[in-house]
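Worksheet: the structure to be examined is printed underneath.
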Amino acid sequence: MSITNDDQLAGMQKVSEAVAYTLKEMTQYAQPGMTTKVLDEYGAKILADFGAKSAPYLTYGFPGWTCISVDNEFCHGIPTDQRVLKEGDLINIDVSAELNGYWADNGGSFVIGKDINQHQKLVDASKDILQKTIDNIRGGVKIADIGFLMETEAKKRGFKVIKNLGGHGVGRSLHEEPDELLNYRNRFDTRRFKKNSVVAIETFISTSSNLAVELKDGWTMVGNKGGYMAQHEHTILITDGKPVILTQMNGILN
């Protein structure tokens, strides 16, 4: 969406606060021995306290309130009673919601407990790349140039990017134009970021794969060549200068 008045800005700030606070609290609550279902229901209660509704559930009928992906699961992981978090697991939580007609999206990957499986380097790379990406987005910048920046930064660190996942416009629905804000340079993409528009910008940084493929459950995605992936996502308002990070409260880049 494009924000043209104070009411719209306030609406986006409220829903962004709801998803950001929920993500932060879920990240702090997660611990070894907990099921992803318990973690999801904890997040659902926080969203409900804001009066917000789960976006994946509303939009797609997703079988959970938030997406929780563990280890080799890249994204869209279904929370279940069977999946128990373990020390050293790489976990990704993606929280998106609707509140009073406005939608926001954010997510983050982190290591549960001690980094016994050496995932922190991947997590830190994803964080650094999202920070650098956001610092370079402003009205008029080519979308493809930002994709090139993301892939270049990933390669510098010895990682790959997932080419069939991307960020997207957000605001009046979960996914809006501009869609396919990819983590690499699509030379056919001539679009530019527009001042006052709202986008969910996200990294998809991987150790081995360059594509995400769907499992038989119809939701969970894993890598075409295995390995692990880290994702970090903020909802931002584009300006003439540095963007306003509407989901800043989640603390994912700290």
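In table form, for the structure just shown:
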| item | result |
| --- | --- |
| Alpha carbon convex hull of the range 197-240, volume per residue in cubic angstrom | 96 |
| Accessible carbon and sulfur surface of the chain relative to its total accessible area, %, 1.4 Å | 49 |
| Length-normalised contact order of the range 27-137 in % [C-alpha pairs under 8 Å, at least 6 apart] | 25 |
| Full-extension gain in nm, N72 to E177, via 0.36 nm per residue minus C-alpha separation | 34.8 nm |
| Contact order relative to length of the range 183-246, as percent, for alpha carbon pairs under 8 angstrom and 6 or more apart | 36 |
| Ordering of 214-221, 159-166, 39-46 by packing [mean C-beta count within 10 Å, highest first] | 159-166, 39-46, 214-221 |
| Among G51, G77, G107, residue whose mean-square fluctuation peaks in a GNM of the chain (springs only between Cα atoms under 10 Å) | G51 |
| Column: log10 I(q)/I(0), Debye, Cα scatterers of the range 167-246, q = 0.14, 0.15, 0.23 Å⁻¹ | -0.58, -0.66, -1.15 |
| Amide proton proximity set for D179, modelled H, under 5 Å, gap of 5+ | G169 |
| Mean separation of Cα contacts under 8 Å (6+ apart) over length of the range 6-250, as relative contact order % | 22 |
| Most mobile listed residue (Q131, Q118, Q13) in the chain, GNM with C-alpha springs under 10 Å | Q118 |
| The range 189-249 versus the range 143-165: alpha-carbon centroid distance in Å | 11 |
| Rg/Rg_globular for the range 24-134, with Rg_globular taken as 2.2 N^0.38 Å and Rg from C-alpha atoms | 1.07 |
| nm² value of the averaged projected area, convex hull over the Cα atoms of the range 83-146 | 6.9 |
| Residue of Q120, Q231, Q82 that the Gaussian network model of the chain assigns the largest fluctuation, springs spanning Cα pairs under 10 Å | Q82 |
| Where Rh is the Kirkwood radius over Cα pairs, Rg/Rh for the chain | 0.94 |
| Equivalent ellipsoid semi-axes, the range 102-184, via Cα gyration tensor eigenvalues times 5, rooted, Å | 24, 17, 11 |
| The chain, helix-only ellipticity at 222 nm - DSSP H runs n ≥ 4, -39,500 (n - 2.57), divided by all residues, nearest 500 | -10000 deg cm²/dmol |
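The values are calculated or read from the model by the stated rules, or taken from the named source; none is laboratory data. All of these numbers come straight from a predicted model, not from anything done at the bench. Note that we place each Cβ from the backbone using ideal geometry, even for glycine, and neighbour counts take in every protein chain shown. SASA here: full protein model, heavy atoms, side chains in, ligands and nucleic acids out. Shrake-Rupley method; radii C 1.70, N 1.55, O 1.52, S 1.80 Å.
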